[in-house]
Each structure stands twice: as C-alpha cells, then as structure tokens.
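Written out below as structure tokens is the structure these notes cover.
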Amino acid sequence: MSGNEAVSRAVWEAGVKVAAAYPGTPATEMLEVISTYPDLYAEWSVNEKVSLEVAFGAAMAGSRAFCAMKHVGMNVASDALMTMTLTGVAGGLVIAIADDVGLSSSQNEQDSRYWGRFAHVPVLEPADSQEAYDYTLAAFALSEKFQVPVILRLTTRICHVKALVTVSERVAHAAAGFEKDAARWVMVPGAAGRRLPKMFERERALRAEAEVSPLNVVEAGSDRRVGFVTSGPAYMHVRESFPDAPVLKLGLSCPVPFAKVREFAAQCDRLVVVEEVEPLIETELKAQGIAVAGKDILPQMGELSPNVLKPAVARLLGEPVPEVAKAAPMQVFPRPPTMCVACPHLGVYYTLSQLRNVTISGDIGCYTLGFGHPWNALDACISMGASMGMALGLDKGRAESEADKKIVAVIGDSTFLHMGMQGLLDIVYNRGNVTVLLLDNRAVGMTGGQDNPGNGRNIHGEEAPRVDFARLVKALGVREERVHVVDPYELPTLFKTLREETKVAEPSVIITNQPCVLIKDYHKLKPYTVIDDKCTGCGNCVDIGCPAIHVTRRDRVKKASGREVDLSFVRIETAACTGCGLCVQPCAPDAIVHAEKVSVINMLKKS
C-alpha cells in the first residue's frame, strides 16, 4: 500500500462514519480510496475549510471523523481549526495533512507541524506505509482520550511510496450523539475565555503522554559520537545513512518529550536534530537548554536524503567529507510541463497570447501551465482563488501610464467554487474593470479529474445537482449582457468575445464549456494529419501548443523585403490527435485535414 492507501484502510477499520476532503496532491488518493469502502459517508467538499467543518460536525455528534488535505489546504481550514482546539471533540477527529517536501507539485514548501504548536494539538508523524496505518488508528484513540483533534502529518515520500502493510478488519464505532452544551460549543468570547485554561491543561497532559508514548522510541547504537533526534520520513534517511548510530524516533512529535530527549542526549557525544523542513524541534530543544545541531549544518529546504546527511555530519565531526555518487544524467529529450492533447485550455491561452497590452492574473490548476511556452500568457499566480483579488488590485493599483491596460483573470471551475466566488463578488461590489475567464472543464483536472459541484456527479460518480455557472455569476452581480458562454475550440468566437469584453470598463465573465479530455464526458472526433506538400511552415498551428503537433524541420528563409523568417514544418501524431480542430483554424494554407481524407487520396493515387 502507499501511505495514502494505508491511512484510508485504517480510517475504515477505525469505524469512521464521516470523511471529507478537497483534492490536492499529495493527499488526493486518501478520499478516493476511502470512498470505495462501505459503511461510511465520504464527500468531496468545495474547499478544505468546509471539509474540516463537516468532519468536526460529525465529531461533535460523537462519531469518528476524518479530514484530509495538502499542506496549503490547512491555510484555508485554519480558521475552523483554531477554534475547535478550544471546544475539543466528542468523537475522534483525525486531520491528515500532506506536506510537499521538495515542491514536487506545490507553490510552496510549508511545514504543517507548526499547526500543532499554533493550535495546541498533537502531531503524529509516520515514517512509512505501515506506520501510516498504525498511527492513524493510534490517532483516533489519542483524539478520544484527550477529546482533541489530532494532526497526522504526512509528506510526499510517505503518501506515494508503497510498502507491505499488515491490516485487520473494521471495528464498528457507535456514535454517542450530540450533547447540547452552549458553554462548550458556542464560542462567543466569554465561553472561549473559559475554555482556554482547559486547552492548556490538556496540553500539559499531552506532554506527559508524549514522555511515555510507545510512538516515541529510542534505538540504541554502537557509534555514540552522534545521536539523532528525528521524525517522519527523515528517520528513514537517518537510519540508512548511519545504521550504527543511536536514534530517538519521535512518532508523537508534538508535544516534544523533553525529559526523554535529555535522557537520550546523555547517551551521545553530540545530538543532531534531523527534521523536514523547519527547525521546530531544534528550536524547542535549544529553548530547553539542550545542546543540539540542526539547521546550522543541514539545509532548510528539500528532503534530507543520505547524500545530504552524510557530508553534513562528516563536516560536523571534522572527518573527510565522503564523495556522493552522482548518477550520470540521462540523455533524454527535454519535456517541459504542458497541457494535454486537445485540452480545452489550449485555445484560451492561444487567444490570450494574441492580445496586446494585457495583464493576466492566474490561478491554481492545469491552466497555470499557460505561463509557459508557446503561450507565455500568465503573469501571476500564488494561491487558490487569488486570481480574482489580484486582478482587482492590478486594476485599482494601476499606474497612470497603464490607464488603457486590460486586466484579465483566469480561473477554473473547481477553483472558482473553492475560493473564487468571493473574489468575483468583490470585483463586482467594488466596480472593478476586470474580465474573468472561467474555464469550466467539469473536473478538478490537475489532481486527476475528480468530481465537483460543477459537473453533476459526487465522489461515487452518482448524479448530483450541477452548478449553472452563468446563473451563478449573474447572481453575484455581473450584468447579464456581460456574461458569455463560449466553446473554447471556436477560436474566432473566443477571440472576438475576449477582445470586446476587455474594452468594456466593468466586470465581465467569459465561461468556456468543454470538458477535460481525460474524463468520460469528453468524446473524441476524427483525427487530423498534415498534407506535406501544402505545409508552408507558417507555424501558426505550433503556437496552439498541442503536444500532438511535432516540428519536423525548421528553415530560415529571406523574404523579398530582405527580412529573415523562421519556418516550422510539422506533422501531427495521428494516434494522439482527438480531432478537436484547434490547429485547423489558424492554418493559412489549409494543409491540415482529416487523416481519413488523406488515406482515401493515397488509395486513389495508388489505383
């Protein structure tokens, strides 16, 4: 099982009744797998805050509940977290947060262990798939023992790496029912003030628990020159790098068991804290007067693999720094990230690339790739839903010399429902001069095509109410004549609509309405091919950015005017082409035709 699959199995076995999440790599598979198990309710929520509130509601009712998200998702959900830490929970509540150490698919590399300290809740850190399973079960027990939400902190290394896992069977957990207690559940200032001392009392009890927890293990070693305090997958790197060193492995890493660390430190000449990625434990140990090394010898970013650890510790000990074997780089063709063949976003970014004097505010999703070649049609992107607020700020904060600049915001359907609606409302309310491109491809595309309220299916693929985006944006205040639904494969219509709407000094929304090519809603058409004799090398089709189009030859020629131009002669990978027709429209010499037409012509020639 992968770590995500192991957590999911444990959630089911623990008798969880309600599980909720919003998709986000590397956490996505947890809810996908959980939804396949019987005897529980699972949902894709519209965002992480809602998912945590749903899980918390179930925990208030005395049921066991689970919530999953990637690290940036907790930024969205933290408003709820920071108060439920005061109320506590009735049924067990476990929150799995998957950190993306190494930035494999995220806009930052934040350390979710901070939330344990910030919210005064315990943090468990598994080091492999078996521990992901074991710690999930332990987290529910800990949650109910102390009536507190528990954070299960994972990383990409845990979420996606597979290992053998020993599992058991589901144990039913009966819901106790919701007990009315306004002093506990209604967090007005007076009630919250009375809960604060209880929170700190609970934290002291949790610290005592950490001192005796079987999740915090001392592993003896024969080479006592350096002892390591570590947690999570960093433990695996330490054990691989220094098999003979003593190690204190913190499975329950927050609160830190200071007495246990002191006892361990007495057994070693030096103490090194190995943690990914921030110096949290290191800082806390130093505050306790415990001498440790940490980020003074180790990097504060990326995974702490053996090729990082071994040289750092060698330098600490004054030993020769071992040579790290580096694999020779493979000679492969460069593959920059791009969109799929026939992606409905291709036409959007091709069109945007043709506009002049425009600033494009982007968002999180497949369409973020619009910043790259050949479109170069995205100027900013920071977080989910931020395209709206940034666009309004770009409008209101523009320089005098930019008075005629056009501001465009690009956002996907799921991202719009996640956090974009409020931004559009703000644009309308404050009379922003912004054109919004709402790209409805009926899927949470970048994380694997998950369902959402915009496509009319729930997490089980069952029919569900579907949002009408045109009616929704009108309800948010965009005037009816400023709302357009267009087919992104019809480039002339798309270009004309975008050009006209950017000239209007008020909020407008252009909604594209074709599905992601990787979901069942998409239907392939007849593929195209290139008639070599007709191709003039104009390269217009290349600018679409479709990966099915390959440049076979580039020539530089001199025009009669003396100006040199580059010609790009192409072919279409017919097996990959889905017949969307985007490349046909800008082809000046009409050299792109249906593949079957060329086959017929060739047959006639032979006959």
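Structural remarks
- Only DSSP H runs of four or more residues enter the estimate; each adds -39500 (n - 2.57), and after division by the residues of the chain the mean residue ellipticity at 222 nm equals -10000 deg cm²/dmol.
- With 22 Å as the limit on Cα-Cα distance, the pairs of K396/K503; K496/K524; K17/K49; K249/K295; K70/K162; K295/K326 that go past it are K496/K524; K295/K326.
- Dipole of the stretch 297-386, positive end: most advanced residue of L352, A327, S305 [Cβ charges, Cα centre]: A327
- Highest average first, the peptides 76-89, 543-556 ordered by how many other beta carbon atoms sit within 10 Å of their residues are 76-89, 543-556.
- Amide proton proximity set for I511, modelled H, under 5 Å, gap of 5+: L438, H484, V485, V486
- log₁₀ of I(q)/I(0) at q = 0.09, 0.12, 0.16, 0.22 Å⁻¹ - the stretch 472-607, Debye sum with one point per alpha carbon: -0.41, -0.66, -0.95, -1.27
- Inter-label distance for E481 and L316, nm, one decimal - labels placed 7 Å from Cα along Cα-to-Cβ: 7.1 nm
- For the stretch 3-212, taking the reciprocal of the average inverse distance between every pair of different Cα atoms yields a Kirkwood hydrodynamic radius of 16.8 Å.
- Selected from L494, H237, V89, residue furthest toward positive end of dipole (the chain; charges at beta carbon): L494
- Largest-first ellipsoid semi-axes for the stretch 345-512, taking √(5λ) over the Cα gyration tensor eigenvalues, angstrom: 24, 17, 15
- Phi to ³J(HN,Hα) by Karplus 6.51 cos²θ - 1.76 cosθ + 1.60 over the stretch 145-155, Hz, x for Gly, Pro: 5, 10, 6, 9, x, 10, 8, 9, 8, 10, 9
- Additional length obtainable on full extension of the chain from R466 to D296, 0.36 nm per residue less Cα span: 55.9 nm
- Label-to-label distance for D521 and E573 is 2.6 nm, based on points extended 7 Å past Cα in the beta-carbon direction.
- Identified option (computed Kirkwood radius over Cα pairs in Å; candidates (i) 28.8; (ii) 25.1; (iii) 27.2): (iii)
- Two-decimal ratio, the stretch 136-229, of alpha-carbon radius of gyration to 2.2 N^0.38 Å: 1.55
- Burial order of peptide ranges 243-255, 44-56, 260-272 (average beta-carbon count within 10 Å, highest first): 44-56, 243-255, 260-272
- Simple label model, 7 Å out from Cα along Cβ direction - E400 to T283, nm: 4.5 nm
- Working from Cα pairs under 8 Å separated by at least six residues, relative contact order for the chain is 10 percent.
- Straight-line cross-link reach from K526 at under 25 Å between alpha-carbon atoms covers these lysines, not counting any fewer than eight positions away in the same chain: K534, K597, K605, K606.
- Working from Cα pairs under 8 Å separated by at least six residues, relative contact order for the stretch 489-607 is 31 percent.
- Extension gain for the segment A505 to D426, taken as residue separation times 0.36 nm less the Cα-Cα distance, is 26.9 nm to one decimal.
- If R0 is taken as 22 Å, the Cβ-Cβ distance between D532 and E564 corresponds to a FRET efficiency of 0.40.
- As a rough guide to protection, the peptides 161-171, 518-528 ranked by mean Cβ packing within 10 Å, highest first, stand as 518-528, 161-171.
- Summing charges over neighbours of E275, with a neighbour being any other residue whose Cβ is under 10 Å away from its Cβ, gives -3 when K and R count +1 and D and E count -1.
- For the stretch 544-555, 3J(HN,Hα) per residue [Karplus equation, 6.51 cos²θ - 1.76 cosθ + 1.60, θ = phi - 60°, Hz, x = Gly/Pro]: 5, x, 6, x, 7, 9, 10, 7, 9, 7, 10, 10
- Contour minus Cα-Cα distance for K145 and T36 (0.36 nm per residue): 36.4 nm
All of the numbers you see were taken from the coordinates with simple rules; none came from a lab. All values derive from a computational prediction rather than experimental measurement. Neighbour counts are summed over all protein chains in view; Cβ atoms, including those assigned to glycine, are modelled from backbone coordinates with ideal geometry.
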